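Below you'll find the structure, written out as structure tokens, and then a few comments.
Values in this text are rule-based calculations from the coordinates and carry no lab data. Model, not experiment: these values are computed from the prediction. Note that each Cβ is placed from the backbone with ideal geometry, even for glycine, and that neighbours are counted across all protein chains shown.
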Amino acid sequence: MAKKKILVSIIMPYFNKKKFFKESLNSVLEQSFKNYEIIIIFDGNDKTDLNFIKKEIKKKKNTKLIINKINIGAGFSRNKGINIAKGRYIAFLDCDDLWKRNKLEKQIQFMKK
């Protein structure tokens, strides 16, 4: 049986947003559309935050964590995520933003039209 191709790559640059991260991540995990991967680009230097993220995503499917060696900023982090993305479409979510449950589903339907 062939593995299903990923349709959407969700890129989440992270810098000092521990307070909001879990809720932001959950807004992706609770999407009605499920054919996605999540790429988190850690661009901070706080090891406490890094350990927190690792714990939060430990058992989450289709979730990758990329750790920048030095702080490169959100734009370069997004580009780094794009370079490893496997999806046909790219979506960006900052770690202090939330998505409505059917956001991806509506956008995919729109783009397919």
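The long axis of helix 18-29 is offset from the longest Cα principal axis of the chain by roughly 20 degrees. For the chain, averaging the sequence separation of C-alpha pairs within contact (under 8 Å, six or more residues apart) and dividing by the residue count gives a relative contact order of 44 percent.
Take each peptide in 5-11, 38-44, count the other Cβ atoms within 10 Å of every residue, and average; sorted highest first, the result is 38-44, 5-11. Under a model in which nothing but the beta-carbon of Lys, Arg (+1) and Asp, Glu (-1) is charged, the range 49-95 shows a dipole of about 340 debye around its Cα centre. Only Lys, Arg, Asp and Glu carry charge here, each on its Cβ (+1 for the first two, -1 for the last two); on that basis the chain has a dipole of about 600 debye about its Cα centre.
Taking amide hydrogens as placed 1.01 Å from N in the peptide plane, the amide H of ILE67 sits under 5 Å from those of PHE42, each at least 5 positions away in sequence or on another chain. Think of the chain as having a plus end and a minus end, set by charges on the Cβ of Lys, Arg, Asp and Glu; of PHE20, ILE82, GLY44, ILE82 sits farthest toward the positive end of this dipole. Each principal axis of the range 1-62 carries a Cα extent, and these read 42, 20, 18 Å when sorted largest first. Labels on offer are [x] 41, 31, 23; [y] 42, 29, 26; [z] 50, 37, 25, and the one holding Cα extents along the principal axes in Å computed from this structure is [y].
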